[in-house]
Amino acid sequence: MIDVWEHKEDCTGCTACQQACAHGAITMQRDAEGFLYPVTDADACTNCGLCEHVCPMLRADERPADESAPKVFALRHKDDAVLGESASGGAFTAIAEYVIKQGGVVVGCRHDKDMNVEHAFADTVEALRFMRGSKYVQSSLGDCFHTVRKQLQAGRLVLFTGTPCQVAGLNAFLHRPYPTLLTCDILCHGVASPALFSSFIRYAERVTHRQVADYRVRDKSLGWGHTLPRMDFQDGSHIKGGVAWLWAKAYGSTLAHRPVCYHCRFTSFRRPADLSIGDFWGIEKHHPHFIHPKGVSLVLVNSAKGQALLEAIRGAVLVQESTMEACVQQCLQQPVPRPVQRDKFWHDVQTLSFHRLCVSYFEWGFWNRFRKKLKSIVKRI
Ligand SMILES: Cc1cc2nc3c(=O)[nH]c(=O)nc-3n(C[C@H](O)[C@H](O)[C@H](O)COP(=O)(O)OP(=O)(O)OC[C@H]3O[C@@H](n4cnc5c(N)ncnc54)[C@H](O)[C@@H]3O)c2cc1C
């Protein structure tokens, strides 16, 4: 039986245990920070042990050591419009479009109509639009592992994309390799609390008197290196910056990350997916001819399936082979450290209004702006 309190610090919320439980004894419940954890109903549990068996964090690390040296590529989509909507160089869209054109289905992360972040299925190229862009929040997986398995059993091509811990959860849940399964993990330095993100959206709606329709932390209209947060509203208007900065600051503070992210086991070149995608930071130093103002993806090829997939999408993308040394960044080396203020922050979340919280922790509000301005004037003098 999974004991949530015993394993809380290690639980990624991947839902493998809950989705594997044949007796419906496990439900995913939110804790005070708004993260989902499995909770077992002792009366319904038969102690079969399946939940512990499929938990990727309780299993020994099964990734073979010799795969620690993936092939490394810089890549970007040939379509400028796709590049503009993607967080990096559009690697996700290139891979997903290929899968859909083969009659397959893509599983990825999007906002629902209430701006909750969830994993969903797409089998048209148009539906991929909602999956583009990084949502800096932990997504809810629902029962999508079940649906993935059903599609695989029917022989359908399936591309699952998500954080490495979600891919590890799917692999553990499926328990055996499926020839028509393709997986792609994103480079990740932590996922933030969905409850705090909801508070941010509701706060933004209150101060703008408009209903939020979409939110992007990294709008690239000024370029990949100068991204601005952008919020779109139901009435067709949008803002860049302003209150939209708040979530960028909240995420950047790392105070709202899931506890397991501070000792994430996936911050290395040993990845659970066929391909890993991220930003190719430092491209200007190593491959200056390949830089593009709208972004360049980093692609790690971790398996033979991943290599075949990269070959299959070559028509839609430009590719430059690179090295591990050229692309290394923090999230491939070590997890983000746990901020010393984290416990105090979560105590304050329970007691302060969202506005006060942002004033105290994210330099929000009139006096913070005033102090900043004053400092810059003094500096100039
Ligand atoms: C929380 C988070 C942290 C990240 N940290 C880094 C980092 O430190 N360094 C780095 O190089 N790259 C990081 N990335 C990855 C990067 O921002 C891009 O997501 C990635 O390069 C893919 O970009 P793209 O242009 O190929 O496609 P896009 O279309 O922008 O990417 C969409 C893909 O991201 C997935 N996705 C988006 N949000 C989530 C989410 N919340 N949970 C699971 N999957 C999600 C979608 O399912 C889809 O596969 C991070 C992404 C996220 C979501």
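If you take the residues in region 74-110 that are hydroxyl-bearing (Ser, Thr, Tyr) and within 9 Å of the ligand (Cβ to nearest atom), which one is farthest from the chain's Cα centre (by Cα)? Step through it out loud before you land on a result.
So the first thing to find is which residues in region 74-110 are hydroxyl-bearing (Ser, Thr, Tyr), and the list is 86, 88, 93, 98.
Checking which are within 9 Å of the ligand (Cβ to nearest atom) leaves us with 86, 88, 93.
On the way: Ser86: 13, Ser88: 13, Thr93: 15 Å.
Out of the qualifying residues, it is Thr93.
Does Ala172 satisfy the criteria of being in contact (Cβ under 8 Å) with a residue 12 or more places away in the chain and within 30 Å of Trp364 (Cα to Cα)? No: the conditions fail for Ala172.
Scanning region 208-217 for residues being in a strand (DSSP E or B) and basic (Lys, Arg) gives a total of 1. Which of the residues belonging to region 218-232 are closer than 18 Å to Lys249 by Cβ, within 13 Å of the ligand (Cβ to nearest atom) and at pLDDT 90 or above? Listed by number, the residues that qualify are Arg218, Asp219.
Just need a number here: residues in region 111-135 that are out of contact with any helix residue (DSSP H, G or I) (no Cβ under 8 Å at 6 or more places or on another chain), in a loop (DSSP other than H, G, I, E, B) and within 12 Å of the ligand (Cβ to nearest atom). Final tally of qualifying residues: 2. Of all residues in region 218-268, those satisfying the criterion of being assigned to a strand (DSSP E or B) and either out of contact with any Phe, Trp or Tyr (no Cβ under 9 Å at 6 or more places or on another chain) or loosely packed, with under 14 Cβ neighbours inside 10 Å (or both) are Asp219, Phe233, His238, Lys240.
This table checks each residue for (1) closer than 19 Å to Thr161 by Cβ; (2) without any contact (Cβ under 8 Å) to a residue 12 or more places away in the chain; (3) within 10 Å of the ligand (Cβ to nearest atom).
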position: Pro293; (1), (2), (3): no, no, no
position: Ser297; (1), (2), (3): yes, no, yes
position: Leu300; (1), (2), (3): yes, no, no
position: Ala308; (1), (2), (3): yes, yes, no
position: Ala316; (1), (2), (3): yes, no, no
position: Gln320; (1), (2), (3): no, no, no
position: Thr323; (1), (2), (3): no, no, no
position: Gln329; (1), (2), (3): no, no, yes
position: Leu332; (1), (2), (3): yes, no, yes
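Output yes when any residue across region 90-106 is on the phi > 0 side of the Ramachandran plot and surrounded by 21 or more Cβ atoms within 10 Å (Cβ to Cβ), and no when none is. For region 90-106, residues on the phi > 0 side of the Ramachandran plot and surrounded by 21 or more Cβ atoms within 10 Å (Cβ to Cβ): present. Every listed requirement among (1) outside the structural domain of Leu83 (by TED's automatic domain parsing); (2) surrounded by fewer than 18 Cβ atoms within 10 Å (Cβ to Cβ); (3) not in a loop (DSSP other than H, G, I, E, B) is met by Glu363 save one, (3). For region 157-213, the set of residues classified as surrounded by fewer than 20 Cβ atoms within 10 Å (Cβ to Cβ), of a type in the set (Gly, Ala, Ser) and within 15 Å of the ligand (Cβ to nearest atom) consists of Ala195, Ser198, listed by residue number. Tallying residues that are over 23 Å from Gly84 (Cβ atoms) and loosely packed, with under 15 Cβ neighbours inside 10 Å within region 279-306 yields 2.
Cβ-Cβ contacts under 8 Å between residues 6 or more apart (or on different chains), taken from a first residue in region 34-61 that is assigned to a helix (DSSP H, G or I) and modelled with pLDDT under 95 to a second residue that is surrounded by fewer than 19 Cβ atoms within 10 Å (Cβ to Cβ) and of a type in the set (Lys, Arg), are listed as His53/Arg59.
State whether the residues of region 136-151 include one that is assigned by TED's automatic domain parsing to the domain that holds Arg265, closer than 25 Å to Asp31 by Cβ, within 6 Å of the ligand (Cβ to nearest atom) and of a type in the set (Val, Ile, Thr). Don't jump to the end; show me each part of the working.
First, pick out the residues of region 136-151 that are assigned by TED's automatic domain parsing to the domain that holds Arg265: 136-151.
With closer than 25 Å to Asp31 by Cβ added as a condition, the list becomes 136-146.
From what is left, the residues that are within 6 Å of the ligand (Cβ to nearest atom) are 136-137, 139.
Among the residues that remain, those that are also of a type in the set (Val, Ile, Thr) are: 137.
For region 136-151, residues assigned by TED's automatic domain parsing to the domain that holds Arg265, closer than 25 Å to Asp31 by Cβ, within 6 Å of the ligand (Cβ to nearest atom) and of a type in the set (Val, Ile, Thr): present.
The values are calculated or read from the model by the stated rules, or taken from the named source; none is laboratory data. Here the structure is a predicted model, which means the values were calculated and not measured. Note that each Cβ is placed from the backbone with ideal geometry, even for glycine, and that neighbours are counted across all protein chains shown.
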